[in-house]
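The values are calculated or read from the model by the stated rules, or taken from the named source; none is laboratory data. In this text the structure is predicted, and so the values were computed from the model without any measurement. So basically every Cβ, Gly included, is an ideal-geometry build from the backbone, and we count neighbours across all protein chains shown. Accessible surface areas use protein heavy atoms only, side chains included; no ligands, DNA or RNA. Shrake-Rupley method; radii C 1.70, N 1.55, O 1.52, S 1.80 Å.
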Amino acid sequence: MEGEGAAVWQGAVLGGILFWIVSASYLDVTRKLRSFFQPWVSHHVETQTSVVLKIQSYGFGFLDALFSGLSCVVSVPFYTGFLPLLFWSGHGKLARQMTLLMAFCDYLGNCIKDVVSAPRPASPPVKRVTATKDEEENALEYGLPSSHTLNTVCLSGFLVYGKVAVDLTFLPMYFPVQGKKLPSALCSDSYSNSRCLYYLSWNFSCLHAGRIYLGMHSVVDVLAGLLVGLVILAFWLTVHEHIDSFVISGQNVTSFWAVLSFLLLFAYPTPELPTPSFEFHTAFNGVALGIVAGVQQTYHQFHHGDVPRLFSSELSVPVFAGRMLVGIPTILTVKFCSKALAKWTIPMVANTLGIPIKSTSYIPTLNGSAAVKKTDKLKQGYLQKLLSRYKAFDVDTGIRFLQYAGLAWSVVDLVPSLFSYMSL
């Protein structure tokens, strides 16, 4: 009965998403929402240009470097690099919940960006500071909401909620070098909460001012990121334990999540002009699938609540350093191999099914063309008729999805297996 109940609600969820994809496309929901919100947001972005210029008038080189650095610390690449270390340091539950929350934030935030398709502050007259390649890519996205603000609200808020930033489940009870116990005042709930809120407030203030100072956002973008982030955080704090319980012990977990991930590639709005937002969503969508599939398979071996944690006698700093030396090259190798395998298999499968494909970057021979044999066009079946409204499918989406799914799977399955084999 339990298995039947799981199949029912899973079918209902997937069916609901599929219904939304079809109905939203038929009713042209994206264009209608854009016509309602875009003029209002664009007006506020334009009228707030003077505010951005006023803030930038106090600028100098040090502030450029400071705010650029702060933006990197709360960026998607930073969390992408940080989360594997969190898994390998023994904080599996926190790591998988933050990964899924990050994927959820990335999906909803980028959906709103591409639905509204509102511009960033005009440059010039605004000076746009893009110190890194990541910032240059971010500047190609639409402005509202601010992803940095949204992600900071959700992830920092989630950490504060669990008191993880200073709680003893995250930091050691003893100083690793001196071996002295932390003062009891530092371990109290009131001290933990006050320090968390202090650092969070400071982070918010600097980040919000910084995104405007860098010319990346207007005030309305930051406020929208704050509001959307608070809504997502409130929802996540309600459901995160249920989601985690499903991931580690549910029925049909991997198959359900695979279909869900596939549908979410289509349950995404078409922006007014092409942006990298969908690429970011595709990558984190693949990461979520890889994490869920790997954890579901190896929870009792590597991710249960009693695994050794960093700074404990079972997982010392030198051992953790060894894990990084083994783990990081391994996941990069898996990412490379996953990409190469996907570049070979996806076009082959598409050509076999007679589906027209193109590639915007990964496969130069398919760049800008719809690759399908002429004889395949005569063998139109149900699948081809169903997908006939698409001129060609971009195989880069599938390649990106699979390479990041492979990378994430290696973080929680392959690499911990190597740790176990090497006694790390």
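When the residues of region 237-254 are narrowed to those that are of a type outside the set (Ser, Thr, Tyr) and free of Cβ contacts under 8 Å to residues at least 12 places away in the same chain, which ends up most open to solvent (accessible area, probe 1.4 Å)?
Ranking the qualifying residues of region 237-254, first place goes to His242.
If I filter region 314-331 down to residues being touching a helix residue (DSSP H, G or I) at 6+ places or on another chain (Cβ under 8 Å) and not β-branched (Val, Ile, Thr), which single residue comes out as most open to solvent (accessible area, probe 1.4 Å)?
Looking at residues that are touching a helix residue (DSSP H, G or I) at 6+ places or on another chain (Cβ under 8 Å) and not β-branched (Val, Ile, Thr), I get Met324.
Please go through region 255-281 and give me each residue that is open to solvent by 50 Å² or more (accessible area, probe 1.4 Å), in contact (Cβ under 8 Å) with a residue 40 or more places away in the chain and either closer than 16 Å to Thr30 by Cα or of a type in the set (Gly, Ala, Ser) (or both), ordered by number.
Phe266, Thr270, Glu272, Leu273, Phe278
Take region 15-49 and flag every residue that is touching a residue at least 24 places away in the same chain (Cβ under 8 Å), in a helix (DSSP H, G or I) and under 23 Å from Arg120 (Cβ atoms).
Once the filter is applied, which keeps residues that are touching a residue at least 24 places away in the same chain (Cβ under 8 Å), in a helix (DSSP H, G or I) and under 23 Å from Arg120 (Cβ atoms), region 15-49 yields Thr30, Leu33, Arg34, Phe37, Gln38, Val41, Ser42, His44, Val45, Glu46, Thr49.
Look through region 354-410, keep the residues that are modelled with pLDDT of 70 or more, buried (at least 17 other Cβ atoms within 10 Å of the Cβ) and among the small types (Gly, Ala, Ser), and return whichever of them is farthest from the chain's Cα centre (by Cα).
Gly354
Picking from Ser147, Ser117, which residue would you name as being buried (at least 21 other Cβ atoms within 10 Å of the Cβ) and closer than 16 Å to Ile212 by Cβ?
Ser147
Going through region 133-144 one residue at a time, which ones are in contact with a helix residue (DSSP H, G or I) (Cβ under 6 Å, 6 or more places away or on another chain) and either in a loop (DSSP other than H, G, I, E, B) or buried (at least 19 other Cβ atoms within 10 Å of the Cβ) (or both)?
Listed by number, the residues that qualify are Glu141, Tyr142, Gly143, Leu144.
Would you be able to say whether some residue in region 52-60 is open to solvent by 90 Å² or more (accessible area, probe 1.4 Å) and part of a loop (DSSP other than H, G, I, E, B)?
There is at least one residue in region 52-60 that is open to solvent by 90 Å² or more (accessible area, probe 1.4 Å) and part of a loop (DSSP other than H, G, I, E, B).
Is it the case that Ser316 is free of Cβ contacts under 8 Å to residues at least 24 places away in the same chain and out of contact with any Cys (no Cβ under 9 Å at 6 or more places or on another chain)?
yes
With the requirement that a residue be open to solvent by less than 40 Å² (accessible area, probe 1.4 Å) and either charged (D, E, K, R) or part of a loop (DSSP other than H, G, I, E, B) (or both), what does region 299-309 give you?
Matches in region 299-309: Val307 only.
What single numbered condition from (1) under 27 Å from Asp114 (Cα atoms); (2) touching a His at 6+ places or on another chain (Cβ under 8 Å) fails to hold for Trp236?
(2)
So Ala6 ticks every box in (1) surrounded by 14 or more Cβ atoms within 10 Å (Cβ to Cβ); (2) more than 24 Å from the chain's Cα centre (by Cα); (3) at pLDDT 90 or above but one. Which box is left unticked?
So the condition that Ala6 fails would be (3).
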